[in-house]
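Below is one structure, written out as structure tokens; the observations come after it.
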Amino acid sequence: MKFKKLWLLWMLLASVVTYGQTTVQKTITRTVTVEVDTNVASKVWVREYIQRFKLTPVPPTEQVPQIKNPPTGTVPAIILPPTLSETPTVNQQVKYIVNGTGKSIDFNDPDGISPNVKQRIKLFVQGENGVDAVRLVFNWGDYNPSQGVYKNEGLIRAIAWVQSLRPNNPPKIRLLFVPILQGNDGRIPREEIQVDANGNLMDCTYNSLFTTVPSYYSFKAMVMLNDCYDALIPFLAQNYANDIEVLELAAGQSEEHGLPYTAQGAGSDCGTYSGIGDYSVCARNAFKMQYGHDLPNVGVTQGYNWNMNYSDVHYRNAALFWGKGVFDVWDRFRAKVKQHSSFAVGAVVADLLNDQGAKWVFHGFALPKMIEKCDYFYHTYNLSSSEWHGNLLGTDLLEGTRPQQIISEIEYDPHDCGTNNGFGPIDEAFCEQSLSKIIQHGAKGIHFSMDWDEGQILAWKRVMGKVKAKNLQPISRTKAPTIEVKASEIFNSSYFLDQAWRSLGNKTSLPFEAKPVNIRLINDLF
């Protein structure tokens, strides 16, 4: 769970957001210098501001009024043309990617790049053992601040800046699109903005001062996003067909895909999953139409919310409903990418798999369908001695379910590498050993996320050089043991994939002794 590390970066960037709108023909350049209290999201004035926008809490037996558009009360399907490519077979060598964590594309910067990530990207790209690709993040509201306005010139500047760092062998570009809008965006009706069961708006990096977070069941947002994709993706395909290799969408607070949540509504720290689920009017209407009963009220707790009681069919229905929403908002993006281009599409999921995905942000229920549809799968896990096995397990899951048809990618951040809480030198021996292991296990993408200092970056480039010199190849899986696991086991245990992995002889406490296994996930959810 990297949220607590990431939300500080987002708050720093959000504090300098300008809400003036420009057309694609006009560029505004501003230099803003501010001192930012990194605890701003926990300040009383912010909480009071959020309280002003709270909707009515949801009592357990409330009768939800039906909306008139669409008349059925359901989320309407958007019919898309046939796609260019659904399940391409992939084959590539290991690639190294530096992530521009946070809003790394700045549409008001002369270079199109947020100043706080420029030096990091430059150090990773230039010199010996430079990375293969740069991953840039931008959100919907910055790119499309008003109807019909799409800031393609900002993307042009950002991509040109990255390519100028190594003009003779420019790194490939990856783009992560975050489907949130700027604060108080009136284009989304009040009843179609996501709230928790007490009516709290999404908070922390999604603080309502700076962001508007549409419900995944918002008809208005669905139509607007399709218009945005129809502008964005053809522009990228026409101008950067050979420069961009992957497009991604992630809607969770820490640039990983899942259902947004609240923490501060109950006075909890950011990164605490206290207000889970989507209780917007449009979500409640769609749920009742589908299941015939009201959404169960999971409440908003002080601290982590453990109220998803899967022994109760009402809560199982809620998890399936929210998980389907997580999948659908991603799949609509994927379908548009395939309609307009030949770009690969990536999925991004954190902590594969534990309580986060099973009980709080519900990507565990979207997991089978996302694996079925995506070309690249970027899965994260803390690289600690007790959890590092998750990176191996994730690769075993992807290769076991769709062998040689999906790229498995993992990440490192400074906290994973033996530093002192992110500061100071990395443990180069551990990094070399773990990197070698994951490559032999079959991962083909290595991301460097969060913030790194110059010494850490240079050390990592030494490690990359050593590992590249080994010319490591994935261990053959032809004789690896295989286990089939039903996705519905998530109702019985958040760690059902761990259990399957261990049942084939691996130990979570001994990741460097783990052997490749094939975990074949059977989708019996939706």
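What follows is calculated from the coordinates using simple rules that are stated; it is not laboratory data. The structure presented is a predicted model; accordingly, all values stated were derived computationally and were not measured. Because the Cβ atoms are built from the backbone with ideal geometry, glycine has one as well, and the counts that use them run over all protein chains shown.
Numbers below:
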| quantity | calculated |
| --- | --- |
| Label-to-label distance, nm, for residues given as N421 and V223 (7 Å Cα→Cβ offset) | 5.0 nm |
| Difference of contour (0.36 nm per residue) and Cα-Cα distance, N523 to Y310 | 74.9 nm |
| 3J(HN,Hα) from dihedral phi, the range 453-461, Karplus parametrisation 6.51/-1.76/1.60, rounded to Hz, x for glycine, proline | 8, 4, x, 5, 5, 5, 5, 5, 5 |
| Cα centroid separation - the range 383-438 against the range 210-224, whole Å | 34 Å |
| Packing rank of 515-524, 150-159, 465-474, 244-253, where each peptide gets the mean count of other beta carbons within 10 Å, highest leading | 244-253, 150-159, 515-524, 465-474 |
| Residue-span extension gain [D230 to I483] - 0.36 nm each, minus C-alpha spacing | 87.0 nm |
| Formal net charge of residues neighbouring V98 (Cβ-Cβ distance under 9 Å; K, R +1; D, E -1) | +2 |
| Label zone at D269 (point 7 Å along Cα-to-Cβ), backbone N below 13 Å, the range 295-339 | 303-304 |
| Relative packing of peptides 133-143, 453-463 - highest average C-beta neighbours within 10 Å first | 133-143, 453-463 |
| Where labels lie 7 Å past Cα in the beta-carbon direction, separation of E387 and D243 in nm | 3.7 nm |
| Theoretical gain in end-to-end length, K507 to Q147 [0.36 nm per residue, Cα-Cα removed] | 124.3 nm |
| Net charge over other residues, Cβ less than 10 angstrom from the Cβ of P474 (K, R count +1; D, E count -1) | +1 |
| Sequence of R284, R174 once ranked by neighbouring C-beta atoms within 10 Å, starting from the fewest | R284, R174 |
| Spatial separation of Cα centroids for the range 288-310 and the range 329-355, in angstrom | 26 Å |
